[in-house]
Amino acid sequence: MKRWIALLALALPLSVWAVSGEEVMKKSQAAFLYPGKDFKVRVLMKLINRDGQERVREMTMLRKNTGAAGGEQKYFMYFFQPADVKDMTFMTYKYPAKDDDRWMFIPAVNMVKRIAAQDKRSSFVGSDFTYEDVSGRDVEDDNHVIEREEKLGSRDCYVVKSTPKAGDADFGHKLTWVDKATFLPVKEEQFDRKGAPYKQFTADEIADVKGQPTVIKRTMKNLQTGHRTEVGYLKSEYDLGLEDSLFSERFLRQPPRKWVD
Amino acid sequence: MTKFSLVEFSIRRPKLVLLLAGLLTLVFLTQFPKIRTDTNPKHMLPETSDVRVWNDAVDKTFALYEDTIVVGVENDAGVLNRDTLGRIARITDGILGLDGVATRDVNGFTTITNVTAEAGTLKVGPLMPAAPRTDAEVEALRAALFGNTLFVDRVISKDGKTTAIYVPLEKGANGAEVAGKIRDIVAKEKGPERYYVAGDPVARDTFGAEMFKLMAIFSPIAGMIMFAAIQYMFRNLALSAAMMGVSMVAIIWSIGLLIGAGFPVHIMSSMAPVFLMAIATDSIHIFNEFYFRYKERGDKLAAIRETMAAVSRPVRFTALATAAGFAVLMFMNIVPVQVFGALIAFGTVVLRLLSFSFIPAVLTFVREDRIARAAGGESVEGDRTARALGRLGAFGAARPWTTVAVALVLVAVSAWGTSKIHVNNNLVAWFKASSEIRVADTTMNRALGGTSLGYLVVESKEAEFMKRPEAMRWMEGLQRHLETMPVVGKTFSVADYVKRINRVLHDDDKQYDVVPDTKDTVGQYLFLFSMSAKPSDLDNVVDPVFGKANVWIQMKTWDAEAMRQVIAAAEEYQKANPLPVTVKPAGIAYFNLVWNDEVLGDLVLGFGLALVVVFVILALDFRSARWALVGYVPLLFTILLIYGVVGFVGKDFDMPLSVMSTLSLGMAVDFAIHFVSRLRQRLAEMGTTDLAQALAWTAARPGKGIMRNAMLFAAAFSVMMAAPLTPYVAVGAFIVAMMLLSALLTLLLLPALVTLGQRWLLDKPMPAAVVAPQPAIGG
């Protein structure tokens, strides 16, 4: 009899939440990083320091899923700003559970260089986003627990606590507010390994693009340095039929006009 | 209607006076638990001072940290072996987990950004992500370290025996606590390595501890020595206790006020107790005279009244001079010096107030038989000290030309010595050579690029200017120019990153270790770098819009002079290589330079002010500019002699010494005031024409008070010569020398000068002293 009660007690949290933390995060990743077969967007990134000084990064980003949600992806970025990096391109092959492949084209010296991806924690183009923040962290790398459910603004959210299984992340743990309706992350709080608030992500504007709820304005703020990065999506499009051959060294050097304008 | 007399009141209601003093003391004592110390050298200048505003702006523009702890690891067999590297990795990991550490910007082997190319792949990331497991990995690390100029002399010494971990602290972090935890972390490692924990926060903390030591240990010792000396001189416990009581009360009131007013205790104010104790010894003149008077009269109360009447004027004026000497400090630019001046000026006033209330009150309680016994020896004739001093004064009076001639020779020699004085503040040198902090500093300076950090901010009006190849090359040239200087250890700038990337992209070909030819290339290289590096790597060396660049200069010495040389060299370089940019110095080394110059300016200003103020007080007291001038001589002479010695010894003339010279005027003039006042009193009282006899009497009787005063002063300050911080030692030595010299000179040189100038000094009617004015009988 006692054993039954114990088992029931163990099962209780599951039955209360219906879904597990890991499931929520998987769905969230699919909604956030994998919608559509492919995706094209013009990105305006503002890097703003404590004193309000701004630096701008402007690029076109292309993404193509080569597998299912959580699987392989290819990214292609073409930079417009800052002025002196115009024509620079950047390409990533993203693999789950394995280091990404990255290439960069440096027009001033007409050189394509492979870039080691040893550190996913490093900053993406000097912003407050890390590579991981941009292209996602493997769901399996963390333990996910639904801490609670609460309303954030008008949205009902799961609050998921994710704790890295290994000590390789640049955060100690993070809390993600996942919208129950769209499964988009609407807020994320990262804590450093000492448990102090470290970075905060907010989805500032969510719009419907071809039936896909898309975060078109977002901010990542470093709470320790006061530095923040605001990202705006202009002209987002899904399912353009991007070809695989686009993601190659040849097109890194000479990207087709129609894909990068 | 009689004027209210504090002395009368105190003699009539002694118990009330003591009770009141006790109660007030308790009130001030309640402030003590709120004590705070401030050991941050930055606070020497006000927050609104140009240099601090500018330095804060630079810190902000380049995301620099105010405080960095440097952990040095030294292994005689070299640090590049698996064991040591394992320890370094563990230690760094421990440090990253400490509260207050700006984890993201800790730079050591495991965290510093390295740019390399391996098998055609560009790698920007931590130099040593984990401790090497094979010897081959160790060798690869060695190659990476020595193949990158950004690392040599920064995280690895040329001989490979020393490395450093730079640990920046978050704003408001407790540096002492972090340093303590780092020491705990390294203490867990067993091995042949030696560890050094250094840097500003550590120095400040050590400093604070030493300050408390001075106040809590050295001040009481000084007090006990004075107590013993007074007891030896007067052989009456009540009197000795009264004297100490007076100084205790003054110390508690002053420090209580300081703390209560919200000021932290600083290097200067930590010396306040010793100063106040020493200044309290001026009451010696009261006791001294009381003993003589009591012996003459045998009536205690009458003796008290007469004593107070006889010494009140000199005691009041010496107090005024001392207070004024300290108050002058309030006009200086250095904050702790201002506070110190106000503090001691207040304390001096309190002391004088007590001299006319507390002391007479205590004197009424002294048992007559005890005084009689102790005062037994007190007569000019019967006292060996007094007789010797009398003979000293008589010698000056009898052989004035010889005395003055010897004095002039000494003046000439001292003037020569003074010309050799070298103004310099070196904060690290404030610690003794054997102190942990000096040892760490010396070791790190020998092995790495230097612990004193300065910046040269290169500014253009144009955004993006710093990406131009000519700007990059200009900075590179500036660095090479500065590196030829012996005081400069290492420099680095954004140009170093650009060159590094250029070389790495071209298969580590040395030919490409140069700034590329186009602005776009520079821009793209830096963009590439920023794609993987820590944000701070670039932020520390360029502003967000590339209009300003920051060149880091590590110097091997904390001497303020080093930064001056760097600035001069930069100006010279700019003259030879014109570029439309301005170069402005910044950083802690620059702060030290500015502060150093403020000290010099303050010295001139304060000394000038003190000279004028003291002269005016002397002239007012003597009601004669001539006597004031004569009274001035021993004082100036004393200071000149000491400066001469400072010059010859080669001791840096730093802030504490500069403050001392200003103060010394106000303190050393006391003896001249006593001497001249009492001499003229004597002349007036006795109506004597025998100047030589009057001089001998003055040298013997008030002279004994002067000598006693000087001895007590010196005794109190001699304790500081054993203190652990060199400024304390210097101040101790300075005051001991000053007191003994000025007492001696007052008793020897003044009689000589008065004898020589007697026509000039005595040819007009004697002004009123304490007794009724009498016509002077010209000599």
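The values are calculated or read from the model by the stated rules, or taken from the named source; none is laboratory data. These figures come from a predicted structure and were not determined experimentally. Heads up, the Cβs are rebuilt from the backbone with ideal geometry, glycines too, and the neighbour counts pull from every protein chain shown. Side chains included, ligands, DNA and RNA excluded: accessible areas come from the protein's heavy atoms. Shrake-Rupley method; radii C 1.70, N 1.55, O 1.52, S 1.80 Å.
A few comments on the model shown:
- When B:Thr2 is tested against (1) of a type outside the set (A, V, I, L, M); (2) open to solvent by 70 Å² or more (accessible area, probe 1.4 Å); (3) modelled with pLDDT of 75 or more, only condition (3) is not met.
- Search result, residues across the range B:504-561 that are among the charged types (D, E, K, R), within 8 Å of chain A (Cβ to nearest Cβ) and closer than 23 Å to B:Phe146 by Cα: B:Lys534
- Which numbered condition B:Glu571 fails, given (1) open to solvent by less than 20 Å² (accessible area, probe 1.4 Å); (2) not in a loop (DSSP other than H, G, I, E, B): (1)
- Among the candidates A:Phe129, A:Phe90, A:Phe105, A:Phe79, residue that is more than 9 Å from every other protein chain (Cβ to nearest Cβ) and either touching a Lys or Arg at 6+ places or on another chain (Cβ under 8 Å) or free of Cβ contacts under 8 Å to residues at least 40 places away in the same chain (or both): A:Phe105
- The one condition in (1) open to solvent by less than 20 Å² (accessible area, probe 1.4 Å); (2) among the β-branched types (Val, Ile, Thr); (3) over 29 Å from B:Phe62 (Cα atoms) that B:Thr134 fails to fulfil: (1)
- Filter result for B:Met531 (open to solvent by less than 10 Å² (accessible area, probe 1.4 Å), in a helix (DSSP H, G or I) and modelled with pLDDT of 90 or more): no
- For B:Ala57: the one exception among (1) among the aliphatic types (A, V, I, L, M); (2) in the same structural domain as B:Met655 (by TED's automatic domain parsing); (3) surrounded by fewer than 16 Cβ atoms within 10 Å (Cβ to Cβ): (2)
- Test: residue in the range B:285-298 that is of a type in the set (A, V, I, L, M, F, W, C) and open to solvent by 10 Å² or more (accessible area, probe 1.4 Å): no
- Summed over the range A:176-186, residues that are open to solvent by 20 Å² or more (accessible area, probe 1.4 Å) and either within 16 Å of A:Glu132 (Cα to Cα) or among the hydrophobic types (A, V, I, L, M, F, W, C) (or both) total 2.
- The lone criterion from (1) touching a helix residue (DSSP H, G or I) at 6+ places or on another chain (Cβ under 9 Å); (2) in contact (Cβ under 8 Å) with a residue 24 or more places away in the chain; (3) of a type outside the set (Gly, Ala, Ser); (4) in a helix (DSSP H, G or I) left unmet by B:Thr84 is number (1).
- For the range B:153-177, filtered to residues that are of a type in the set (Lys, Arg) and either in a strand (DSSP E or B) or over 16 Å from B:Val138 (Cα atoms) (or both), the residue that is farthest from the other protein chains (Cβ to nearest Cβ) is B:Lys158.
- Identification of helices (runs of 4 or more DSSP H) wholly contained in the range B:431-528 with 2 or more residues that are more than 40 Å from the chain's Cα centre (by Cα) yields B:469-483, B:494-505.
- Taking the range B:142-163 as the range and being touching a helix residue (DSSP H, G or I) at 6+ places or on another chain (Cβ under 9 Å) and open to solvent by less than 10 Å² (accessible area, probe 1.4 Å) as the test, the residues that pass are B:Asn148, B:Phe151, B:Val155, B:Ile156, B:Ser157, B:Gly160, B:Thr162, B:Thr163.
- Cβ separations smaller than 7 Å between residues 6+ apart or across chains give no pair from the range B:690-714 residues that are without any contact (Cβ under 8 Å) to a residue 60 or more places away in the chain and within 15 Å of B:Ile225 (Cβ to Cβ) to residues that are of a type in the set (D, E, K, R) and open to solvent by less than 10 Å² (accessible area, probe 1.4 Å).
- Count of the range A:54-76 residues which are in contact with a strand residue (DSSP E or B) (Cβ under 9 Å, 6 or more places away or on another chain) and either within 14 Å of chain B (Cβ to nearest Cβ) or not in a strand (DSSP E or B) (or both): 11
- Yes/no for A:Glu54 being of a type in the set (Asp, Glu), without any contact (Cβ under 8 Å) to a residue 12 or more places away in the chain and closer than 26 Å to A:Ile216 by Cβ: yes
- B:Ala216 out of contact with any helix residue (DSSP H, G or I) (no Cβ under 7 Å at 6 or more places or on another chain), open to solvent by 10 Å² or more (accessible area, probe 1.4 Å), closer than 23 Å to B:Val339 by Cβ and assigned to a helix (DSSP H, G or I): yes
- Criterion: assigned to a helix (DSSP H, G or I) and of a type in the set (A, V, I, L, M) - qualifying residue of B:Leu18, B:Leu98: B:Leu18
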